[in-house]
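What follows is one structure encoded as structure tokens, with my remarks underneath.
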């Protein structure tokens, strides 16, 4: 039975303060996207000011540099989508192997993989750069996607989900019924760890979507930029003297760039919650 | 009659052309028939247009530009490529203060090998000191500069009966007069508490030196005598309330200057463009520029510098000769300097560049915002008075951050100016040693 919690006024107040604290920056972003650069500095930051420049900002955003913003948006979708799908598959298969099969040096290998979670991504930048350089993949989509496919934390999570969600007894029963190993993995196993797939996929998607450092280092052409890099370059060039500042346009771009994440969380969050909870109970 | 006028115009135009061509030094010859492509990383606005003029003169050299907007991200990318030993551009833009940390990677070509030393005489002397600190290797070609001068609201100064101060003593008494007469509402000056380079430029003008190469190691003197003199001077005015401490480039600051409650400041040559752009109509035409006040009355104008950048050639470049040629052309040809000024407000390091018509056009901003005064002339004079012997160190970024902490404590009254500078020196020194530098 779920007991209905009742909050004391002080708890209410605390929660309200934290909510406001979390939402204020977002609110600022929303009011700012209606302004032009002059209003940004001359009017109160947390309220709208007339006249509205939203349409003008939208137009600038999608037409500046021959409409390259749309290209960046598409690039981000490609990078994050491919990374999420790919790393879910790699993690699901590798996690399955660690969960269901016995092989030489299994414990050692798993510990090694876990240890790589601790390696900060900045330390990997130079080796990744060199790898891409030697294989001739610098300044291609692959340079951003390939490094993201290997996701040790995803593998670890998937192993937990396989351990908890797909009992060995079920596997053996399927084998007795004559199911092939392929069928067992694809048709029987995967649907049972759906929560895990969504969880790992969301993590990978958010990570790749927000990734700034990797594309900064391995991509040179502005047609290959993701949103993070493109908006940052606009922000920098806009701040340099002699340039027309377009801060409010960039703010609008930033808001648009988080929309896909919001959508992903709202539509997939249900699975994720369920997945986390089932893992917690059974694990 | 009409024809004669046309001829006169033509003749004038031609002579103007020949004058601007005469101002260009003879650049190194490009190898005939050798087709090369140079990759250039720069954040100079409108560089693509400038480059079009270059390729017209040198059709065999193709230029590919990558603009990442400057700042830490650009430097990270460049550092990675230099350390990896491949993928770096032929030419890159680097600010003076960051040159030593890039020179330390060994990834910057010594341009004296490609004849750059012959062009030293065409640059304002101090800029060459920045790119060739020991006078031997040349790590870069100077590009733009930020010599210091004073900007002030002529209307506010007139209102409070203050003449333009020529010495720091006059500036301090003027600041206290304005504060008293306005009952504290108007401040003559403002101390930028979070910009170490602003403070360092003021100490630089007094001959202050913060870093110096010493054999294979370094000497760091953040608490040098000039620094102490300058900081004590400002702290006295801050304590008396004669100057404000509003953050640079903030909305508060532009509101104060626009309304005339902050009536003067000390800005680099790129600063006035920001004044014109940020205040727009407010106080337009009321500003003027003057030489930096001096410590000794009647002395020659001495100044410091804040900002500016240079063009390096990397050791990874397969065409270092052509890359050097491009870097020289970009910063010495009248065409390029004019375009860089018009598109990005780059105040040139070239001596001849300071006299170009575009810089001295008083009908356009920033001079227009300054009441049509030729402020480039003020800044050109300032640039000639910048001390040549001023060096940076690879760990300057740390010093830059640590400064804010010490100055904050000073303004809160927890440290005296001397203590703040001593702490700045000690903490930065400890960190530099921890990073493995031989420094004392």
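Would you list the helices (runs of 4 or more DSSP H) that sit entirely within segment A:107-191 and hold 1 or more residues that are more than 20 Å from residue A:92 (Cβ to Cβ)?
Once the helices (runs of 4 or more DSSP H) in segment A:107-191 are filtered for at least 1 residues that are more than 20 Å from residue A:92 (Cβ to Cβ), what remains is A:121-134, A:141-149, A:168-176.
Of all residues in segment B:70-96, which are free of Cβ contacts under 8 Å to residues at least 40 places away in the same chain and not in a loop (DSSP other than H, G, I, E, B)?
B:72, B:73, B:74, B:75, B:76, B:77, B:78, B:79, B:80, B:83, B:84
Just to be sure I understand, how many residues within segment B:279-300 are modelled with pLDDT under 95, touching a strand residue (DSSP E or B) at 6+ places or on another chain (Cβ under 7 Å) and surrounded by 16 or more Cβ atoms within 10 Å (Cβ to Cβ)?
1
Among (1) out of contact with any helix residue (DSSP H, G or I) (no Cβ under 8 Å at 6 or more places or on another chain); (2) away from every other protein chain (no Cβ under 14 Å), which single condition is residue B:128 missing?
All conditions pass for residue B:128, except number (1).
Quickly run through segment B:243-278 and pick out the residues that are under 23 Å from residue B:378 (Cα atoms), surrounded by 19 or more Cβ atoms within 10 Å (Cβ to Cβ) and more than 14 Å from chain A (Cβ to nearest Cβ).
Matches in segment B:243-278: B:262, B:263, B:264, B:265, B:266.
Would segment B:326-338 turn up any residue that is surrounded by fewer than 18 Cβ atoms within 10 Å (Cβ to Cβ) and either more than 14 Å from every other protein chain (Cβ to nearest Cβ) or touching a residue at least 12 places away in the same chain (Cβ under 8 Å) (or both)?
no
Does residue A:260 satisfy the condition of being in contact (Cβ under 8 Å) with a residue 24 or more places away in the chain and more than 13 Å from chain B (Cβ to nearest Cβ)?
Answer is yes for this residue.
For the structure I just gave you, tell me whether residue B:346 is in a loop (DSSP other than H, G, I, E, B), within 14 Å of chain A (Cβ to nearest Cβ) and closer than 21 Å to residue B:386 by Cβ.
yes
Where the second residue is assigned to a loop (DSSP other than H, G, I, E, B) and the first is more than 26 Å from residue B:362 (Cα to Cα) and lies in segment B:277-300, which pairs have Cβ atoms under 8 Å and are six or more apart or on separate chains?
B:294/B:166; B:294/B:301; B:294/B:302; B:295/B:206; B:297/B:166
So, in segment A:216-229, exactly how many residues are in a helix (DSSP H, G or I), at the interface with chain B (Cβ under 10 Å from one of its Cβ atoms) and buried (at least 21 other Cβ atoms within 10 Å of the Cβ)?
Residues flagged as in a helix (DSSP H, G or I), at the interface with chain B (Cβ under 10 Å from one of its Cβ atoms) and buried (at least 21 other Cβ atoms within 10 Å of the Cβ) within segment A:216-229 amount to 4.
Name the single residue that is nearest to residue A:252 (Cα to Cα) among those in segment A:6-42 being part of a loop (DSSP other than H, G, I, E, B) and touching a helix residue (DSSP H, G or I) at 6+ places or on another chain (Cβ under 9 Å).
Ranking the qualifying residues of segment A:6-42, first place goes to A:33.
For segment B:76-92, enumerate the residues that are more than 8 Å from chain A (Cβ to nearest Cβ) and either closer than 22 Å to residue B:31 by Cα or in contact with a helix residue (DSSP H, G or I) (Cβ under 8 Å, 6 or more places away or on another chain) (or both). First the steps, then the outcome.
Of the residues in segment B:76-92, the ones more than 8 Å from chain A (Cβ to nearest Cβ) are B:78-79, B:82, B:85, B:88-92.
Matches in segment B:76-92: B:78, B:79, B:82, B:88, B:89, B:90, B:91, B:92.
Can you name the residue in segment B:221-237 that is buried (at least 19 other Cβ atoms within 10 Å of the Cβ) and touching a strand residue (DSSP E or B) at 6+ places or on another chain (Cβ under 9 Å) and is also farthest from residue B:179 (Cα to Cα) among such residues?
So in segment B:221-237, the residues buried (at least 19 other Cβ atoms within 10 Å of the Cβ) come out as B:222-223, B:226-227, B:230-231, B:234-235, B:237.
Next, only the ones that are touching a strand residue (DSSP E or B) at 6+ places or on another chain (Cβ under 9 Å) stay: B:222, B:234, B:237.
Working: B:222: 31, B:234: 15, B:237: 10 Å.
Once the filter is applied, the top-ranked residue is B:222.
Looking at this structure, is residue B:401 under 28 Å from residue B:128 (Cα atoms) and part of a loop (DSSP other than H, G, I, E, B)?
In short, no.
Name the single residue that is nearest to residue B:331 (Cα to Cα) among those in segment B:93-111 being out of contact with any helix residue (DSSP H, G or I) (no Cβ under 6 Å at 6 or more places or on another chain) and within 14 Å of chain A (Cβ to nearest Cβ).
If we take residues in segment B:93-111 being out of contact with any helix residue (DSSP H, G or I) (no Cβ under 6 Å at 6 or more places or on another chain) and within 14 Å of chain A (Cβ to nearest Cβ), then B:93 is nearest to residue B:331 (Cα to Cα).
Do the conditions hold for residue B:240, that is, is it within 14 Å of chain A (Cβ to nearest Cβ), surrounded by fewer than 19 Cβ atoms within 10 Å (Cβ to Cβ), over 19 Å from the mean Cα position of the chain (by Cα) and farther than 16 Å from residue B:165 by Cα?
no
Matching residues to (1) more than 25 Å from residue A:111 (Cβ to Cβ); (2) surrounded by fewer than 18 Cβ atoms within 10 Å (Cβ to Cβ); (3) touching a strand residue (DSSP E or B) at 6+ places or on another chain (Cβ under 7 Å); (4) away from chain B (no Cβ under 14 Å):
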| position | (1), (2), (3), (4) |
| --- | --- |
| A:163 | no, no, no, yes |
| A:176 | yes, yes, no, yes |
| A:179 | yes, yes, no, yes |
| A:182 | yes, yes, no, yes |
| A:194 | yes, yes, no, yes |
| A:197 | no, no, no, yes |
| A:212 | yes, yes, no, no |
| A:231 | yes, no, no, no |
| A:245 | yes, no, no, no |
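Those residues that are more than 12 Å from every other protein chain (Cβ to nearest Cβ), part of a loop (DSSP other than H, G, I, E, B) and in contact with a helix residue (DSSP H, G or I) (Cβ under 6 Å, 6 or more places away or on another chain), I need them from segment B:352-369; list them, please.
Matches in segment B:352-369: B:356, B:358, B:359, B:360, B:367, B:369.
I need a count of the residues in segment B:44-75 that are under 22 Å from the mean Cα position of the chain (by Cα) and more than 7 Å from every other protein chain (Cβ to nearest Cβ).
If we filter segment B:44-75 for residues that are under 22 Å from the mean Cα position of the chain (by Cα), which is where we start, we get B:44-47, B:50, B:67-75.
With the extra rule that they be more than 7 Å from every other protein chain (Cβ to nearest Cβ), the set shrinks to B:44, B:46-47, B:50, B:72, B:74-75.
Count: 7.
Here are A:135, A:116: which of them is without any contact (Cβ under 8 Å) to a residue 60 or more places away in the chain and away from chain B (no Cβ under 14 Å)? Give the derivation first.
Working: A:135 fails: away from chain B (no Cβ under 14 Å).
None of the others qualify; the one that does is A:116.
Quick one: how many residues across segment B:157-187 are within 24 Å of residue B:379 (Cβ to Cβ), surrounded by 22 or more Cβ atoms within 10 Å (Cβ to Cβ) and out of contact with any helix residue (DSSP H, G or I) (no Cβ under 7 Å at 6 or more places or on another chain)?
Number satisfying all stated conditions: 2.
The values are calculated or read from the model by the stated rules, or taken from the named source; none is laboratory data. Because the structure is predicted, anything quoted here is derived from the model rather than measured. So basically every Cβ, Gly included, is an ideal-geometry build from the backbone, and we count neighbours across all protein chains shown.
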